[in-house]
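In what follows, a single structure is set out as structure tokens and then discussed.
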Amino acid sequence: MLLKQKILDAIAGGRVSLVFRRWPRAVLAAGDLMPSPLGPLRVESAEIADPASLTLDDAREAGFADVGALIASLGAENAPIYRIRLRLADETDGEGLGPHALKALRRRLDRHDRADGAPWTRELLRAIAAAPGTPAAELAAGNGTPLPAFRRNTARLAELGLVEISGKGYGLSQRGEAFLASEAQA
């Protein structure tokens, strides 16, 4: 789920705690961690909301002046409306992946693999896990990937919250470690 920067800023500032989306099926579930530019967001709840049950408090917690503005922002699609309560994750949340987030992450990685014509995402995660802190040039050479492509790919994985880039080296985030552990069990 993509969130506009102004919504992310409002979540960080404690002014927004609800997000509403129209989805044909649930994308997130309570307990999931969702990556964002601010750091992981914890999904505290995600449930279908009847449009008639939406209140002024719901609208204000989502950053809208009234219920009409909230409903207008959702468009006229026939998909159900989901009420998602979010907050910035903290050190007590860990970096685990709930089943919905794990499934969505696998789909995103599979799309990257298909778009590039070869499976590279899991291989790159395993290479980084095997040699944390190794410079990009060394990892790229060991992986048989040109350095610009390697850097682009690691940036894509970092955007998903799986890889941390520090100085010249790379490492898996806790989320990346949790993902690889789940792949080993699958």
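The values are calculated or read from the model by the stated rules, or taken from the named source; none is laboratory data. Bear in mind that the values here come from a model prediction, so they are computed numbers and not experimental data. Positions of Cβ are backbone-derived with ideal geometry, glycine not excepted, and every protein chain shown enters the neighbour counts.
Restricting attention to segment 133-144, the residues that are surrounded by fewer than 13 Cβ atoms within 10 Å (Cβ to Cβ) and aliphatic (A, V, I, L, M) total 1.
Which is modelled with pLDDT under 95 and either assigned to a helix (DSSP H, G or I) or among the basic types (Lys, Arg) (or both), of Ala59, Ala101, Ala46, Ala76? Full working, then the answer.
Numbers: Ala59 fails: modelled with pLDDT under 95; Ala46 fails: either assigned to a helix (DSSP H, G or I) or among the basic types (Lys, Arg) (or both); Ala76 fails: either assigned to a helix (DSSP H, G or I) or among the basic types (Lys, Arg) (or both).
Exactly one of Ala59, Ala101, Ala46, Ala76 is modelled with pLDDT under 95 and either assigned to a helix (DSSP H, G or I) or among the basic types (Lys, Arg) (or both), namely Ala101.
Inspection of segment 163-178 finds a residue satisfying the criterion of being in contact with a helix residue (DSSP H, G or I) (Cβ under 7 Å, 6 or more places away or on another chain), surrounded by fewer than 17 Cβ atoms within 10 Å (Cβ to Cβ), within 28 Å of Leu41 (Cβ to Cβ) and small (Gly, Ala, Ser).
Which residue, of Ala158, Ala137, is small (Gly, Ala, Ser) and within 25 Å of the chain's Cα centre (by Cα)? Walk me through how you get there before you give the answer.
Numbers: Ala137 fails: within 25 Å of the chain's Cα centre (by Cα).
Going through Ala158, Ala137 in turn, just one is small (Gly, Ala, Ser) and within 25 Å of the chain's Cα centre (by Cα): Ala158.
What residue, of Ala118, Ala104, Ala130, is surrounded by fewer than 16 Cβ atoms within 10 Å (Cβ to Cβ), within 22 Å of Ala178 (Cβ to Cβ) and assigned by TED's automatic domain parsing to the domain that holds Gly167?
Values: Ala118 fails: within 22 Å of Ala178 (Cβ to Cβ); Ala104 fails: surrounded by fewer than 16 Cβ atoms within 10 Å (Cβ to Cβ).
Going through Ala118, Ala104, Ala130 in turn, just one is surrounded by fewer than 16 Cβ atoms within 10 Å (Cβ to Cβ), within 22 Å of Ala178 (Cβ to Cβ) and assigned by TED's automatic domain parsing to the domain that holds Gly167: Ala130.
Filtering Leu18, Leu70, Leu54 for residues that are surrounded by 11 or more Cβ atoms within 10 Å (Cβ to Cβ), at pLDDT 95 or above and over 16 Å from Leu3 (Cα atoms) leaves a single hit, Leu54. For segment 132-159, the set of residues classified as assigned to a helix (DSSP H, G or I), small (Gly, Ala, Ser) and over 18 Å from Asp113 (Cα atoms) consists of Ala136, Ala137, Ala141, Gly142, listed by residue number.
Note on segment 146-173: residues that are in contact (Cβ under 8 Å) with a residue 12 or more places away in the chain and closer than 12 Å to Trp120 by Cα amount to 5. Among the candidates Ser36, Ser17, Ser45, Ser53, the residue that is among the hydroxyl-bearing types (Ser, Thr, Tyr) and touching a residue at least 60 places away in the same chain (Cβ under 8 Å) is uniquely Ser17. Of all the listed residues (Phe179, Phe150), the sole one being among the aromatic types (Phe, Trp, Tyr) and either in contact with a strand residue (DSSP E or B) (Cβ under 8 Å, 6 or more places away or on another chain) or within 20 Å of Asp32 (Cβ to Cβ) (or both) is Phe179.
If a residue must be in contact with a strand residue (DSSP E or B) (Cβ under 9 Å, 6 or more places away or on another chain) and not in a strand (DSSP E or B), how many such residues does segment 33-43 contain? Total satisfying the criteria: 5.
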